[in-house]
Every structure is written in structure tokens, then in C-alpha cells.
Amino acid sequence: MDPAAYVPDVFDPRIYGAGIPYASYRLLREHHPVAWQEEPEIAGWPAGPGFRAVTRHADVVRVLRDHATYSSWLGATQIRDPDPADLPFLRRTMLNQDPRRAAGDHGRLRRLVSRAFTPARVDDFAGRVRERARTLLAAARDGAEDGAADLVRTVTDEYALLNLADLLGVPAADRGLLLEWTVRVIGYQDPEDAPAPRLGPDGKPLNPRSPALLGEMFSYARELAAHKRAHPGDDVMTALAGAGLDPAELEMFFFLLTVAGNDTVRSAAPGGLLALAGDPDAYRRLADGRVPMHTAVDELLRVHPPVLSFRRTAAVDTELAGQPIRAGDKVVVFHASANHDERVFTDPGRLDLGRTPNPHVSFGDGPHVCLGAHFARLQLRVLYEEWRAAMPAPELAGPPRRLVSNFINGITRLPLRVSGPAG
């Protein structure tokens, strides 16, 4: 088949359960950098009108930076179209707003979170984060059967969850709720990872981000904010509770921080360990101190971005990579493809832990670049440092399992050897 005529499918979430489709991405970058993708009905989720898949680094950055042309507000940021009745609700979160749009207040909300999520506050958690990494890794090693453990179950899920809960100021007794809500929202495309979906009157699954399914989380957010006003602490929820947000804004902040803040590290941490297990020579260079940890963290984020795709909606007629885009068209950027673009990254398939510069888009770009990137990098750096200090070289002890999702680059099982000398 002529590769210039063939347009591979990169929409079906089941593809990603088998692995990131790098060969398909490469073909799209070479021949169809802004490719039309069909949206058939899959696993009960209804069909959609289709979208443009953007796979080259320069075009991904252009879309993410140009909010006037490529809007988050018009259709929100997931590939699937939301129920029109849910769209006003979804626009309450800054993720689904555009800067300077009258109907939203993206700048005010972003500045508010920036003040609550300061690097100084994050850095104050470094000692606690390190002790948690050390404790979880030791427990995985001591409790291992036949010298192996599932790092997702024993380390990385707990690590991401407890660190976020500390930063937010969630009481210890309530922390399991954060993981439950995250799995429900993030893993909804995966029949093994998520509970059975609730169905609407039409028999179709309800979107887990719809207000009908988020009532429990929102009620908790209001109760926690009231508690923080009466009993303030040095945490993000105390800062938000005293910031004069209206109840809807507070609820959506809590939703965004809980889900995005948890799943960024929950996805990236096992992904980084899996990449290291696949390249013993690269890990040896890291263990020997021949590459700095901060560049290693960014390279591991490049090869395993937490988020696979984000959607925008064209606000006007335009053109991208020679392809006409009509107002109202869905335009979806693919982060893992951009991070492997040969036009930007030399030998992108190689794990180069000393790679610099490394302009990956794993935390996005433009006005929606991830506010929690500093906290995520801190957690990843500390976890890998503690692994290097106390654990053997990462080695698979069984097949990993990937999340079935075209949105989150998740690892749901990661069996690794945990017994043996460090290094």
C-alpha cells in the first residue's frame, strides 16, 4: 500500500492498550501531518463527527499557543464531544477556557492557582516526598514475592496520591477518595481499569466528567473548603478556600487538581521506570552519575508523556500544514508524536538521558501549560533518585499492562524485580 495514501487510525483507544503507535505517528508526520480521523462508535461510546489529528511538533506547538484560532472553550478539551447541556458546566474550569474570552476568566483563575501552587510551597514538600518514596520502595522490596513486585500497586499509585493529598491538605482518612475519583474519570475507556459506566436514558454511557457523575466530588470539595476556612493550614485548599471563588469555581478547581494533579505523576512515574527497564545501558549511565537527574527526568517525560492528546476547536477558518481547517472543526494534538518528531529530536527513538535541549510538549505549551509541572518534576526526580540509591537496576518480571485510553498514557501494571543490590 502506498504510504502517501494510507492514513492510519490513531483514535481507537484500544490501540493504546497495545502500545503507543509510533509507526502510525511517523507515517502521519511524513505524509499526513494534519490527518482526518473518523470517530466510530466503540464499546458503547457514541460515534462522533471526526477530527483533524496534528502530529508534527511545530504544528502541535502552534495549536497549543494560538488560543484565538484553536479554542478550548468552544468544545472543551476531550476528543469526544460533550453533551451540549454539559458544556456550560465544563467551561467553569480554566482548562476549558480561553484567555481574554468574555465568557471565561482564564487569567484570573490561573493567577490564583499560581499563587496557591508556588514553587516555594512545592519545594517545602521535598523532604516529605523523599521519605515517602524511600518508605514505599522499601515496603515493595520487603513484601515482594519471588523478588518481584507490581510497582503500580505497591509504589507509584500511592506515591502520587499521598503527595497530592499532602499538597492539597486532604485529611488522611479521605485520601482513598482521590484515587477512586481519578480512576473513574481517567480510566473510563478501559473496561478493566474503571467500574462499569452508568448509562443515560438513551442506553449510552454517561460521560464521567458530566455534572451528573461528579456530585460526590463537588460536595466533598465544598465541605473541605468550609473545614479549611475554620481550620486553615499551609496547603493549596486553604489558599483556594480563602480566595473568594464562587462555589462552582471552587468545585471545578478541586476536580482539576485532583484528577490532573494525581494522574500526571501516576502515569509518568511507572512510564519512566518502564523506559529504564527497557534500556539497561541508559540506566547504568544514570546510576553511575554520568548524566544529571534533571535531564533524565525530562527525557523520560519525553518518551512517556502523561497525556496522549488534547482537543481544540477551530474558532475561525484557517489553514494548518497546508490543510484547510473550518470553523467548528475539531483539532486534536498528539503529544507522544510531537515528542518523537525527527525535525526536532535527533534519533527520537533512542532514550538519551542527557538530551539537551529537550523541548518536549509533555506538559503542554502556551496558555494551558501545566501549572503542576514543577511539583511533578520534583516527585519524579526524587522517586528515581531513591530507586537508584536503594533498588536494583529496573528489570521486568512480567508483562506490563497499559491503560486502554487515547487520552492518558497510563500503566496499570508494572512487575519489576525489586530484590538485589542497588545500581
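The values are calculated or read from the model by the stated rules, or taken from the named source; none is laboratory data. Here the structure is a predicted model, which is why all the values come from computation and not from measurement. Counting neighbours? That spans all protein chains shown, and the Cβs are built from the backbone with ideal geometry, glycine included. Keep in mind that these areas ignore ligands, DNA and RNA; they rest on the heavy atoms of the full protein, side chains included. Shrake-Rupley method; radii C 1.70, N 1.55, O 1.52, S 1.80 Å.
The table below lists the values:
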{"read-out": "Residues satisfying the stated conditions in the stretch 382-413, i.e. aliphatic (A, V, I, L, M) and either more than 30 Å from Pro40 (Cα to Cα) or at pLDDT 95 or above (or both)", "value": "Val382, Leu383, Ala389, Ala390, Met391, Ala393, Leu396, Ala397, Ile411"}
{"read-out": "Filter result (without any contact (Cβ under 8 Å) to a residue 24 or more places away in the chain and open to solvent by less than 40 Å² (accessible area, probe 1.4 Å)) within the stretch 156-174", "value": "Ala165"}
{"read-out": "Candidates Val129, Val152 - the one that is open to solvent by less than 60 Å² (accessible area, probe 1.4 Å), over 11 Å from Asn262 (Cβ atoms), part of a helix (DSSP H, G or I) and touching a Lys or Arg at 6+ places or on another chain (Cβ under 8 Å)", "value": "Val152"}
{"read-out": "Failed item, numbered, when Leu300 is tested on (1) open to solvent by 10 Å² or more (accessible area, probe 1.4 Å); (2) more than 24 Å from His67 (Cα to Cα); (3) of a type in the set (A, V, I, L, M, F, W, C)", "value": "(1)"}
{"read-out": "Residues that are without any contact (Cβ under 8 Å) to a residue 40 or more places away in the chain, part of a helix (DSSP H, G or I) and under 27 Å from Gln78 (Cβ atoms), drawn from the stretch 238-253", "value": "Pro247, Leu250"}
{"read-out": "Residue list for the stretch 361-384, restricted to those being farther than 28 Å from Arg132 by Cα and more than 14 Å from the chain's Cα centre (by Cα)", "value": "Gly366, Pro367"}
{"read-out": "Odd one out for Thr238 among (1) closer than 18 Å to Arg377 by Cα; (2) open to solvent by 20 Å² or more (accessible area, probe 1.4 Å); (3) of a type in the set (Ser, Thr, Tyr)", "value": "(1)"}
{"read-out": "Residues (open to solvent by 10 Å² or more (accessible area, probe 1.4 Å) and assigned to a helix (DSSP H, G or I)) located in the stretch 385-396", "value": "Glu385, Glu386, Arg388, Ala389, Ala390"}
{"read-out": "Verdict on Pro33 being within 24 Å of Arg413 (Cβ to Cβ) and touching a helix residue (DSSP H, G or I) at 6+ places or on another chain (Cβ under 7 Å)", "value": "no"}
{"read-out": "Matching residues in the stretch 1-53 - criterion: being modelled with pLDDT under 95 and among the aromatic types (Phe, Trp, Tyr)", "value": "Tyr6, Trp45"}
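A quick yes/no check of all residues on (1) among the small types (Gly, Ala, Ser); (2) touching a His at 6+ places or on another chain (Cβ under 8 Å); (3) open to solvent by less than 20 Å² (accessible area, probe 1.4 Å):
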| residue | (1), (2), (3) |
| --- | --- |
| Ala315 | yes, no, no |
| Ile325 | no, no, yes |
| Phe334 | no, no, yes |
| Arg343 | no, yes, no |
| Thr346 | no, no, no |
| Arg350 | no, no, no |
| Gly354 | yes, no, no |
